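Remarks on the structure that follows.
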Amino acid sequence: MKQQPFYTARASVAKVDGIHRRATLEDGTEVDFGVHGPIKAHYRLDAEPDRPLPVDYLVAAAAG
């Protein structure tokens, strides 16, 4: 017996510039993400503004 999904997230992700990405959720909410901290330093992306990593949103959602 095939089960139906409990919930389906509908979102799109678009490249804004360089490593800057913007996700748009089904309700129109926009979320920007990129890199910060040690990851930014490791890849020598000093010119890029600090933005949350996608994983930052996952951790926040799981903790919420």
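What the table shows:
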item	result
Protein-only accessible surface order, largest first, of 33, 6 at 1.4 Å	6, 33
Surface per residue (accessible, 1.4 Å probe) for the chain, Å²	85
Accessible-area ranking of 56, 46, largest first, probe 1.4 Å	46, 56
Principal-axis tilt of helix 54-63 within the chain, Cα atoms, nearest 10 degrees	50
Percent accessible area from carbon and sulfur atoms, the chain, protein chains only, probe 1.4 Å	57
Value of [θ]222 nm, deg cm²/dmol, for the chain, DSSP H segments ≥ 4, -39500 (n - 2.57) each, nearest 500	-6500 deg cm²/dmol
Given (1) 1.31; (2) 1.41; (3) 1.50, the label whose value is Cα Rg over 2.2 N^0.38 Å derived from this model	(2)
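The values are calculated or read from the model by the stated rules, or taken from the named source; none is laboratory data. Worth saying up front: this structure is predicted, and the values here are computed from it rather than measured. Protein only, heavy atoms only, side chains kept; ligands, DNA and RNA dropped before computing areas. Shrake-Rupley method; radii C 1.70, N 1.55, O 1.52, S 1.80 Å.
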